[in-house]
Amino acid sequence: MSLRVTSSAQVWQAVQLLAGRPRAVVLIDGGAGSGKTTLAGALARRWPEAQLVSLDAFYPGWDGLAEASAMVVELVLRPSAPGYRRWDWERARPAQWVALDPSRPVLVEGCGALTPASRALADLALWCELDEAERRRRALARDGASFEAHWDQWEAQEAVHWRLHRPRELADLVVTVSQP
């Protein structure tokens, strides 16, 4: 059962309970434009020892939500030699490897971050929630025409992720993030 919260301060209180745990893992999921990146950035500023990982860095293209979701478990959260291969959006191909320190906490944010498999490896799971119209407005204001051309394609992948993995139900906290 998840708890609904409305501020990053309330989320920070939950994150502080992880202080001192070796390799604490926080997952942040939600639809495009729901505030995942805003929340993750706020947490990372207050938790400088944590490594911030955004799925935006390694989605393998506009059809890559499911593949990136699997990479969270297979690469980012694995116990030895964790990391991920960046995606070069301009050249539409894999880019350099980004190594993560297996001894430091990690914040993983992005649509697809929270699945039953990744939840089993995490200490705290967050779901960012916002109505679709506002999410779309925010996402397009942030990413413009590049995202607008792919909105329906991405939204369909989100729907599949939500149906298959039920990330909202896996979350400890359901968060509504206001604009920074």
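The values are calculated or read from the model by the stated rules, or taken from the named source; none is laboratory data. Keep in mind the model is a prediction, meaning the values are calculated, not measured. Ideal geometry is used to build each Cβ from the backbone, glycine not excepted, and the neighbour counts take in all protein chains shown. Areas reflect the complete protein model, heavy atoms only, side chains present, ligands, DNA and RNA absent. Shrake-Rupley method; radii C 1.70, N 1.55, O 1.52, S 1.80 Å.
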Of residues in region 71-94 being basic (K, R) and more than 14 Å from V25 (Cβ to Cβ), the one surrounded by the most Cβ atoms within 10 Å (Cβ to Cβ): R85
Breaking point among (1) closer than 20 Å to R142 by Cβ; (2) not in a strand (DSSP E or B), for R78: (1)
Options L140, L114: the member that is touching a helix residue (DSSP H, G or I) at 6+ places or on another chain (Cβ under 6 Å) and within 28 Å of P79 (Cβ to Cβ): L114
In region 35-54, the residues that are in a loop (DSSP other than H, G, I, E, B) and either open to solvent by 20 Å² or more (accessible area, probe 1.4 Å) or modelled with pLDDT under 90 (or both): G35, P48, E49
Of the criteria (1) free of Cβ contacts under 8 Å to residues at least 40 places away in the same chain; (2) within 21 Å of A120 (Cβ to Cβ), which one W87 fails: (2)
Subset of region 120-137 [surrounded by fewer than 20 Cβ atoms within 10 Å (Cβ to Cβ) and not hydrophobic (A, V, I, L, M, F, W, C)]: D123, E129, D131, E132, E134, R136, R137
Count of residues meeting criterion [of a type in the set (S, T, N, Q) and either in contact with a helix residue (DSSP H, G or I) (Cβ under 9 Å, 6 or more places away or on another chain) or free of Cβ contacts under 8 Å to residues at least 12 places away in the same chain (or both)] in region 147-180: 3
Close pairs (8 angstrom Cβ cut-off, 6 or more residues apart or separate chains): under 19 Å from G33 (Cβ atoms) and touching a residue at least 40 places away in the same chain (Cβ under 8 Å) in region 55-68, of a type in the set (D, E, K, R) and crowded, with 22+ Cβ neighbours inside 10 Å anywhere: L55/E109
Residue selected from region 55-70 under the condition of a type in the set (A, V, I, L, M) and more than 12 Å from the chain's Cα centre (by Cα), by the criterion most open to solvent (accessible area, probe 1.4 Å): A66
W97 vs. criteria free of Cβ contacts under 8 Å to residues at least 24 places away in the same chain, over 20 Å from C128 (Cα atoms) and surrounded by fewer than 19 Cβ atoms within 10 Å (Cβ to Cβ): yes
